[in-house]
Every structure is written in structure tokens, then in C-alpha cells.
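Engineer: Sharing a structure below in C-alpha cells format, with a few things to ask.
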Amino acid sequence: MGLILSKTPLQRFTFGSRIPTHAGVQVVVETSGGRFEAITGQRTVGERMFAPHTTQYEIDMTTKITPVDMPVKTHDEKYSFQLHLEIRWQVRNAAEVARLGLDDGAGLIVAVVRDRIKELGRQFRIDQTLDFEQCIRQVLTRQDARDVRNCLWIESVSPEVSLDGAGRAQLEKIRDVEGRTEVLNAQHRHDTTQQRYDDELAQMKAAQELERTRLKNQFEREAKRLEEEFERRQQIEREEREERRRREEQSWQARFDQQQAEWKAEFEWRERERQLAMEREQAQLEDARERERTTLFMDAIQRGDAAVLALHLGRHPDDTKEIVQMIINNKALAEERQAKILADMIEKNLIIGADLEGVSQDLIRVVAGMMSRPNTGVFSLNTTVEVGMDAISAKQNAEVTDATDAAEPDDV
């Protein structure tokens, strides 16, 4: 339904009851002079009798939400942003809408919004989707952008920006390189810090040795002077000097040991922090790989692409039951589509009958019917569950027997 709900020609000097007004509707009248005027409620008796009104319009004033989906080129034109907008808007000037005969308000809003943002994406790289969303909000909520043709008003916008397939693949490569670079940088910082600590420790040891030598020489000179001056107290003073030197060395050694312990504690703390950071990054990478793996399986199941599942199961046969459960639990697939995928996997010897444990009886009937009538496109639901499972097992046993018979001449 358009913005102009009704357009009624008017005649003067007419009587009749007033038409009740409706919520969210604005009445606009056109005069014989070509002016458009919004009035409150409906026309009064006096206006119906004497006012020079020729036409009456009813304009929809309710708030509307219009979606917009469009691709926008990124800074590197090889990729595109996929933009989805929810635009909340309403009529601001009903008289102007009637004058312009603007019935398709949503079309005008979409055209104006597309024109304003079609070049914005070239300002952003593929890793700046959030910045692009913020820019769209700022551009479309400015005062001059909200007012459309002096008759419509944009209340709010809700942008959602994503990347096309090529952009997503390139962004994953960039983030992978950045992650590895961060690990290398952390290792380099650790090695640099370790080297600096080793150098400082060596310098301190050298300084301590020089100081110890200096003091020793000083003590020896003092001892010689005292021996000449105070021969009687030579032994006592030597003992006193030795005791003083021992205490000083103990004090210096204690300070040195304390400093060394502090450095070691700081180094161990930094090492723990680096290890925790690397573990967090590794966990994030593993979570991302698991999500990509699940997404790949769900896409392959949705398309019915058994080749992708075969490729994975060839490398990871232990994932068979998990993939079968994903097929069964996928509510978006019809039962016949699920059966077709399971039948293809059985035909390719990717799964066996035992892997169908927990599958509904109806679904097993359909799978068995497909295997008994290949390429017919007819799905039999009359076969019993036991017959279906026997058919599946018999086919797989026959294939194993054929393979064994083919190998026997070589053994002989």
C-alpha cells in the first residue's frame, strides 16, 4: 500500500456526516488555487459548504521499516562489502507528499540511501567492516540526510556489513599472517629481554669484582701501615679488619642476591604472561578452525555434496557418526534429501549400516528404497526397516567379497 491512501474529489455546498479520522492518517486538501494544506481531523461543515477545496487526500503517517541490500566496492576494488540496511522512516510533510503525488515512499528512500552510500565503501579496507558500519550511521543520521525531499524523515538506520566470499578468504589469510607475526614478535621480545638481562648481570658481576679488588688492595695497604705503626696490635687489628671485610662482603652479596632474585621473578612473570597469551591465541585459532569445519560440513550437507564429506572422511574416518548425526539433525533438509545423502555415502562405502543407529525407521526405509532402485527418482516407503538394513549390509558385504576375490590370484 502506498503513502496516498485515498484521493477524493470535493464539491462545495454539500451536506452529510463527517467521516471519522483514523490513527496515523493525515488529511490534506487541495484548493482551487493549487495550494495543498494539511488539516486537523476532517473538514468542518463550514469548510464543506464554503471552502474552495477541490480534492481531499488521506496520507499514511505511520512509521515504516524498509530493508536495503546492496554490494559496495571496498578500498581494494577486487572485493565487495555486502550491505544490509534496515531504514526506519515516516512522512514528515503530508501536504508535500500530496503535492508531489509521492505514493512510493519506500522507493524514494531506497534511491536516496543508495546514492549517498554507494561510494563510501572505497574508503575502507576489507578488515574495517565495523568502521564502515559506523560511517554509514553517521552519514545517514546527519540532519541534512534525514530530511528526504522535504516530505519524508529517516528516523534511524541499522546497517549490517559483511564481505563477499573472496573478501572473507583474503581476510582469513591476512589474520592468519598477523597471528603468526605476533607470535614471532613475542619470541623476539623475549629473546631481546633475555639478552639484556644477561648483559646487565655480567656487568654487575664485573663491577663487583673490581670493587672487591679495590677494597682488598686498600685493606692490604692499611694493614701494612698499621703493622709498622702498631706492631703490638697487629694481630688484633688484622682480625678486626678481616671481620669487617667479611661482613661487608656478606652485605654486598645479600644485596646482589636480592637484586638477582627480583630480576628472576620478573623474568618468570613475563614468561608466564607470554605463555598465557600464546595459549589464548592457540585456543582462538582452534575455535575458529572448528567453526570453519562445522560450517563446511553444514554447507556440503545443505547442497547434498557427498564428495566434500567423502574427502574429509577419507582423512578422518572417526568423524563418521558425527557427520551422520549432523545430516539427521539438520531440520532444514527434507527427509528425502537426507536419505539421498545417506544413500550416496553408503554407495561410496563411507558409512555402514551400524552408523545409522538412532535413525528413524521411516528414514531408513527411504535410504533402503533408494539403494534398491538406483537412478529411478522413486522413493519407496513400503520396505521394512529390517529389509532396508539387510539390503545395505548385503551390498557392502558383496563389495568386500568382490575385493577379496580380486586379490586371491595375486596371493596364489
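The values are calculated or read from the model by the stated rules, or taken from the named source; none is laboratory data. Predicted, not measured: the structure shown is a model, and the values here were computed from it. When we count neighbours, we look across all protein chains shown, and the Cβ atoms used for this are built from the backbone with ideal geometry, even at glycine. Note: accessible area is taken over every heavy atom of the protein model, side chains too, but ligands, DNA and RNA are not part of it. Shrake-Rupley method; radii C 1.70, N 1.55, O 1.52, S 1.80 Å.
Engineer: Is one or more of the residues making up segment 230-240 within 30 Å of ASP127 (Cα to Cα), touching a helix residue (DSSP H, G or I) at 6+ places or on another chain (Cβ under 7 Å) and open to solvent by less than 60 Å² (accessible area, probe 1.4 Å)?
Structural biologist: Checking segment 230-240: not a single residue is within 30 Å of ASP127 (Cα to Cα), touching a helix residue (DSSP H, G or I) at 6+ places or on another chain (Cβ under 7 Å) and open to solvent by less than 60 Å² (accessible area, probe 1.4 Å).
Engineer: Okay, next question. I need a count of the residues in segment 253-272 that are among the aromatic types (Phe, Trp, Tyr) and over 22 Å from ALA206 (Cα atoms).
Structural biologist: Here the count works out to 1.
Engineer: Can you tell me how many residues within segment 247-261 are among the charged types (D, E, K, R) and surrounded by fewer than 12 Cβ atoms within 10 Å (Cβ to Cβ)?
Structural biologist: 3
Engineer: Right, here's the next one. Which of the residues that make up segment 68-92 are farther than 18 Å from SER162 by Cα, surrounded by 21 or more Cβ atoms within 10 Å (Cβ to Cβ) and of a type outside the set (Val, Ile, Thr)?
Structural biologist: TRP89, the sole residue that qualifies.
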